[in-house]
Amino acid sequence: MTRWLKWMLPLVAVGGLWLVKPVLAEAPAPATTGIIKGSVVDKDGKPVADAKVSVESLVQQEHPKKHQAADGDHKKKERGKHYKEVAKAVSDANGDFTFTVEPGEYRVWARKQGVGSGQAETTVVASETVTVKVTVEKRK
């Protein structure tokens with residue numbers, strides 16, 4: 001009897017895992033994106049339709065700042081904010097726009113010829129929606 005158990009127990013255990021695995025595979029994956037929902041308005045707060053809207057992701061990196069140091073070194077490392085465009089859209093008739101992006105820090109730009117441009121910064125968290133309002137106006 002013990003010999004039979006020695007061989008059957010591992011088979012039963014593997015068979016049990018086989019039955020559990022499909023259940024585990026069907027569990028929903030955790031959300032890996034968030035939403036930036038916003039509107040473009042003019043300086044009077046009126047919606048701006050057909051504005052070009054772009055979303056830029058903040059990239060923290062060291063970059064060379066060229067200058068000549070006393071020792072002849074031509075490169076010096078400097079830390080700073082740099083942005084990389086990740087999405088573009090056009091605002092709808094109500095000035096609204098929506099982007100689905102990965103979690104992180106973002107800058108949202110809006111531009112409309114004859115009206116002006118503006119920006120807003122925001123932080124996106126997975127599974128959440130952030131709301132931004134971008135006011136566009138002509139620069140002086």
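Overview of results
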quantity	calculated
Hits in region 101-124 (condition: among the small types (Gly, Ala, Ser) and within 12 Å of the chain's Cα centre (by Cα))	Gly104
Considering residues of region 74-89 that are open to solvent by less than 100 Å² (accessible area, probe 1.4 Å) and within 23 Å of Val40 (Cβ to Cβ) only, the residue modelled with the lowest pLDDT	Tyr83
Test: Val55 is modelled with pLDDT of 95 or more, surrounded by 15 or more Cβ atoms within 10 Å (Cβ to Cβ), among the β-branched types (Val, Ile, Thr) and within 23 Å of Thr129 (Cα to Cα)	yes
Residue that is of a type in the set (Asp, Glu) and modelled with pLDDT under 85, where the choices are Asp71, Asp92, Asp50	Asp71
Scope region 31-45; condition closer than 27 Å to Thr100 by Cβ, modelled with pLDDT of 95 or more and not in a strand (DSSP E or B); matching residues	Thr33, Gly45
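The values are calculated or read from the model by the stated rules, or taken from the named source; none is laboratory data. Just so you know, these numbers come straight off a predicted model, no measurement behind them. For neighbour counting, all protein chains shown are included, and Cβ atoms are generated from backbone atoms with ideal geometry for every residue, glycine included. Areas reflect the complete protein model, heavy atoms only, side chains present, ligands, DNA and RNA absent. Shrake-Rupley method; radii C 1.70, N 1.55, O 1.52, S 1.80 Å.
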